1. For a 28 Å ceiling on Cα separation, which of these pairs sit above it: LYS61/LYS107; LYS148/LYS225; LYS73/LYS115; LYS150/LYS280; LYS155/LYS252; LYS51/LYS80?
2. What does the convex hull of the Cα atoms come to per residue for the chain, in Å³?
3. On the accessible surface of the chain, probed at 1.4 Å, how many percent belong to carbon and sulfur atoms?
4. How far, in nm, would the chain grow between ASP33 and ARG138 when pulled straight, counting 0.36 nm per residue and subtracting the alpha carbon separation?
5. Given the options ILE32, PRO18, VAL117, identify the residue whose Cα lies farthest towards the positive end of the charge dipole of the chain (+1 on Cβ of Lys, Arg; -1 on Cβ of Asp, Glu).
6. Can you figure out the FRET efficiency of ALA112 with LYS262, using R₀ = 51 Å and their beta-carbon distance, to the nearest 0.05?
7. When only Cα pairs under 8 Å and 6 or more residues apart are kept, what is the percent relative contact order across region 47-184?
8. Stretch GLN85-THR46 to full length: gain in nm at 0.36 nm per residue minus the Cα-Cα span?
Amino acid sequence: MTNHKTLQEQAPTLYIVPTPIGNLGDITQRAIDILSQVDIIAAEDTRHTGKLLSHLNIQTKTFSLHDHNEQEKASLLVDKLLSGQSIALVSDAGTPLISDPGYHLVKLCRQAGVKVVPLPGACAVIAALSASGLPSDRFSFEGFLPPKTKARKDKIADIAHDERTCIFYESTHRLIESLHDLQEVLGSEREVVLARELTKTFETIQGLPLGELIPWVMADENRRKGEMVLLIHGYRRSESDEFSEDAVRMLKILVQELPLKKAAGLVAEMYHLKKNALYKWGLEHLD
Ligand code: SAM
């Protein structure tokens, strides 16, 4: 244990415990210790978690906490914590709260002054990013893409100019549709990495421009099976969009009334841009 007190001697605590995303070897020793010692394990699917617990030879009792009952059951769990019991939260796989239940419980615990302790462990988004070869200094995790085409394309349009690596969870039966929508909105050149079946026997991590990734996926139905993560290379800013659309629009309006130099000076000040660079751009692009 991290400190040398037993769980019973510590303040009531909610432990956030990641479980494997495919390879049982990825459970940590600390996760095993906590799962064996807490009073209750709150689990997304008690039958599913029961299999992991019996594999680990852990007899702790479970309590069902899933998307549909979380709001109602969270306060009951907080009462148990306040009465001195310790609880571990697990989901079916990976890190709880990451596209999984737990948010309401954690929020309520923190409001009630219950200690919340996170254990690091398996998480598909982080595993995929770490091996994707895409920039990992800045990234945004967007959960699942919307199932309906219109909402999905709107979502893709929202992230189209984001310079960070953008990561989605995707399901096998929507993969082709989503890839086509990505191609329509982002173009064939945008690099996308498909990371599937991470930590499992058929783990595959393939990165290609969309125009090549789609035929690659179509060529073999095994390539679209299983659990998957899609990672989109961030938008690459080019010289032509050095200045935001708003700044360019403002410059175009002002040059109708003012000399370019004056207009560029005002717009540069408004949008925190370099005056000379904007003036030079204006000379090259505006009549
Ligand atoms: N909480 C989990 C985590 O920490 O990654 C994610 C739960 S979310 C309901 C399940 C989705 O995560 C899957 O549909 C898939 O997109 C992704 N995922 C989970 N396990 C994966 C794996 N082994 N390989 C690739 N993607 C996986």
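1. Going by Cα-Cα distance, LYS150/LYS280; LYS155/LYS252 fall outside the 28 Å limit.
2. Details: hull volume 53.1 nm³, N = 287.
Considering the Cα atoms of the chain, their hull volume per residue is 185 Å³.
3. Numbers: 7850 of 15780 Å².
For the chain, the apolar C and S fraction of the accessible surface comes to 50 percent.
4. 34.5 nm
5. Of ILE32, PRO18, VAL117, it is VAL117.
6. On the way: r = 60 Å, r/R0 = 1.17.
Efficiency, from the Cβ-Cβ distance: 0.30.
7. Details: 105 pairs, mean separation 25.1, N = 138.
Reported as a whole number, the value is 18 percent.
8. Numbers: separation 39, 0.36 × 39 = 14.04 nm, distance 1.89 nm.
Result for the pair: 12.1 nm of gain on full extension.
The values are calculated or read from the model by the stated rules, or taken from the named source; none is laboratory data. Note that the coordinates shown come from a computational prediction; the quantities given were computed from them, not determined experimentally. As a convention, Cβ positions derive from the backbone with ideal geometry for all residues, glycine included, and neighbour counts pool all protein chains shown. Protein only, heavy atoms only, side chains kept; ligands, DNA and RNA dropped before computing areas. Shrake-Rupley method; radii C 1.70, N 1.55, O 1.52, S 1.80 Å.
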